[in-house]
Amino acid sequence: MEQRTELFSNKDLRAMIIPLFLEQLLVMLVGLADTLVVSHVGEAAVSGVSLVNQFNTIFIYLFTALASGGAVIISQYIGGKEKDSAGEAASQLLLFSTVFSVFSALLVLVGNKAILRLLFGKVEDSVMQACITYLRISAYSYPALAVYNAGAAIYRSLGKTSTTMYLSLASNVINVIGNLIGVFVLKAGVEGVAYPSLIARVFSAVVITVLCFREKNEVIYRRRWIVRWDGSMMRRILNIAVPNGMENGIFQLVKVALSSIVALFGTYQIAANGVAQSIWSLAALAGVAMGPEFITVIGQCMGSRDVERQISILRN
């Protein structure tokens with residue numbers, strides 16, 4: 001019993017859960033801020049942004065699932081005191097996340113019009129133009145989103161969730177200030193909220209990557225592991241990430257399909273649904289925040305081969 005308390009006491013769990021909750025809240029506020037600020041531009045703009053945000057969530061879930069797969073492996077290595085192997089897993093996660101996200105971005109950039117016509121073909125021309133503009137700019141941020149999630153997986157696996165919370169806070173400040181300048185000062189419309197989101201996500205990706213190279217961390221990126229493809233390590237990560245990504249991706253696809261039905265009703269209905277969906281997503285915040293917590297705690301317990309400790313923590 002004493003050993004169980006030493007690894008993850010209630011105080012330790014609270015120190016991870018509260019920053020994770022606030023971080024996930026801040027992540028959701030990025031899309032919500034775009035929707036609310038662009039609502040001052042007009043119904044067509046807010047309709048386009050809200051429709052694309054729901055489509056973008058598919059890729060956000062895929063990148064998050066990939067990072068979760070890596071976090072499981074990293075946490076298990078940390079629990080087993082294999083810090084070098086944990087660093088190799090983190091580096092391989094960064095490699096695959098970058099390649100996959102660049103491919104996804106290119107796919108969307110090339111086929112954005114066809115994708116949007118397929119999903120929301122019945123919307124008004126002004127709404128479709130807003131969708132195309134916002135999606136093109138959003139696609140440039142896919143690699144930044146994936147790289148950030150890969151780096152955040154390391155810090156969450158180490159239980160250092162306050163770092164990612166502060167980084168999300170800084171990212172939100174950049175996004176909100178950029179939105180206000182873009183819409184009210186530069187009068188840039190949809191582009192005025194799209195580019196600040198891109199800048200904020202690139203900022204987060206760069207900072208978290210720099211932090212993950214710091215030697216004082218228990219688990220860090222290594223250049224020799226980033227540029228080398230390790231098939232066995234990658235399979236371990238993907239064996240967890242792919243099923244998780246398919247589950248979450250299919251769920252989000254259903255939501256996008258429902259949005260395509262709403263798109264038949266008209267611009268006002270799309271705008272109202274988009275704002276409501278953004279606010280409704282906050283209802284799932286507690287469950288979303290607990291996911292990374294379970295990965296860290298259970299992963300480390302499994303890595304240390306202490307199943308009893310895992311069961312005790314879950315019961316509490």
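We did not get these values from a lab; they are worked out from the coordinates using the rules stated. None of the values given here were measured: they were computed from a predicted structure. Cβ: placed from backbone, ideal geometry, glycine included. Neighbour counts: every protein chain shown.
See the values below:
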| quantity | calculated |
| --- | --- |
| Environment charge at T164 (Cβ cut-off 11 Å; Lys +1, Arg +1, Asp -1, Glu -1) | +1 |
| Relative exposure of V49, V227, V206, judged by other C-beta atoms within 10 Å (fewest first) | V227, V206, V49 |
| Three-way shape label, segment 91-238, alpha-carbon gyration tensor, a/c 1.5 | oblate |
| Residue order, fewest to most beta carbons within 10 Å, for R156, R236, R14 | R14, R236, R156 |
| Cβ-based exposure ranking for D230, D34, in which fewest neighbours within 10 Å come first | D230, D34 |
| When each of K83/K216; K11/K81; K83/K160 is checked by Cα-Cα distance, pairs over 19 Å | K11/K81 |
